[in-house]
Amino acid sequence: MFKKEKQHIEKAERGKLAQTPFALLRRRFGRKRRAVWSLRVLYVLIFIAVFADFIANEKPVYCKIDGETYFPVLRQYAVDLGLAQWDARFFQKEWSEHEYEASVFPLIPYSAKTIDSKNSGYKSPFASQRIESNRYRHWLGTDKVGHDIAAGMVAGTRVALLVGVIAMSIATVIGVLLGALAGYFGDQGFRMTHTRLWVNLAALFFAWFYGFQARGLALQEDGGLLEGLGIAIGILLLANGLVFLTKKIPVKIFRKKITLPLDLLVMRTIEVFNSIPGLLLLLAFVAVLQKSSVFYVMAIIGFIRWTGIARFLRAELLRVRNLSYIEAAKAMGFSHARILFRHALPNAITPVLITIAFGIASAILLESALSFLGFGIAAEGVTWGQLLSEARRYPGAWWLAVFPGGAIFVTVTIFNLLGEGLSEAMTSE
């Protein structure tokens, strides 16, 4: 009997030890009701963002004309990618004017860019509208030229989540890399050869000059930033490839190493970024570009929002690097890269999730503020901030303030509640 109980206890202990920090965090997070409900609301927003074209569109999801079957919403994706073209019949009439043998239209029969001239001039959701049936009613009203606000809200959901998630993904990559190096190596642990140091400093100068400075006019055009980044990364990779070749040269000067104070360098860089207001820095970047793009907005927000992640991860790694299992890994002769990415980082990355959750909310607010001020991505799509700015032109259009403003409030709140839930789950037992 005693033997069975002992085996049961040992099995339970093994199961407890096998639990990862993520599994423990998930179980504790499930006990936070507000955070769980916020996650469910987020699932709804993600569904709307992913299937936005199937929810609000003037094109039918499925239709049958003259015995032929079409899937216009899906075909539009192929047309945008240059893989297909529309038949001539679809250019001759509006989508609502075709004689369909069978059709299935989206829930909202308008896209964000559809103009209903019959209901222009700020039609209220409760006002009388010139429509054929309630099927074509603008349930959330229209703006000055007749855009459907409900369709704009759906399109704005996609832009908000896209900007928030991708911008913070960029910030996470930068923040995790710099924070991990600063926290793990500190000021005395990172050493590199003189050759690699000077070659990389020279490469950084040439990457900046040929990638951005010499291409000032091209940067203002669409696609110039991507090309500049490609040139800069190519120069850095080429420089490090040349440094790798110098390892085979049996000369002592090429192998002499120097200690770099990574922690000091990263923390001073963070202080510089934090000393400049994010919105001001964002406006300065956007002002350089003639054509606004959602990619540029995401990249710029990610570039200025990495500091919190880096500081959080650095603090965790300063604690983790002195634990016994890290010392044991070093004693066994494991490389610094293996110890950092396979042992230290997985046990320090969990608290960063809190910063990411709050960061997504901050990114959505930044993009909305940018669109509200008229520096957003209005040429590419409709955003909540753009809809909210319309309310200033016609003070009586309360629906242009209530619905976009409410959407921004709800989205930012659920991400803040998610961050709060993660924070409580980290500290609870």
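Structural remarks
- The antiparallel fraction among DSSP beta bridges confined to the chain stands at about 90%.
- With helices as the sole contributors, the chain gives -20000 deg cm²/dmol at 222 nm; each DSSP H run of n ≥ 4 counts as -39500 (n - 2.57), and the sum is divided by every residue.
- The residue list 47, 195, 414 was ranked by how far each Cα lies along the charge dipole of the chain toward its positive end, using unit charges on Cβ atoms, and 195 comes out on top.
- 3J(HN,Hα) from dihedral phi, the range 175-190, Karplus parametrisation 6.51/-1.76/1.60, rounded to Hz, x for glycine, proline: x, 5, 4, 6, x, 5, 5, 5, x, 7, 8, x, 9, 10, x, 9
- What the Cβ-Cβ distance of residue 66 and residue 44 gives, at R0 = 30 Å and to the nearest 0.05, is a FRET efficiency of 0.20.
- Binned Cα-Cα distance frequencies in the chain - 20 Å width, integer %: 19, 44, 28, 8, 0
- Signed unit charges on C-beta, dipole axis of the range 301-389, positive-most listed residue 336, 364, 382: 336
- Charge dipole (Cα centre; +1 on Lys/Arg Cβ, -1 on Asp/Glu Cβ; no other charges) of the chain amounts to roughly 2380 debye.
- About the centre of its Cα atoms, the range 59-105 shows a dipole size close to 140 debye [charges on the beta carbon of Lys, Arg (+1) and Asp, Glu (-1) only; nearest 20 debye].
- Selection from 84, 272, 298 lying farthest towards where the dipole of the chain points positive, charges on Cβ: 272
- Residue 281/residue 206 FRET efficiency (R0 41 Å; Cβ-Cβ; nearest 0.05): 0.95
- Nearest-0.05 FRET efficiency for residue 325 and residue 33, computed from C-beta distance (R0 45 Å): 0.80
- Listed residues 401, 127, 331, most fluctuating in the chain (Gaussian network, C-alpha, under 10 Å): 331
- Note on residue 77 and residue 94: the extension gain reaches 4.2 nm, defined as 0.36 nm multiplied by sequence separation minus the Cα-Cα distance.
A short reminder: the numbers here are calculations on the coordinates, not readings from a lab. Predicted model, so just to flag it, every value in this text is computed and none were measured. Don't worry about glycine lacking a Cβ; one is built from the backbone with ideal geometry, like all the others, and counts go over all protein chains shown.
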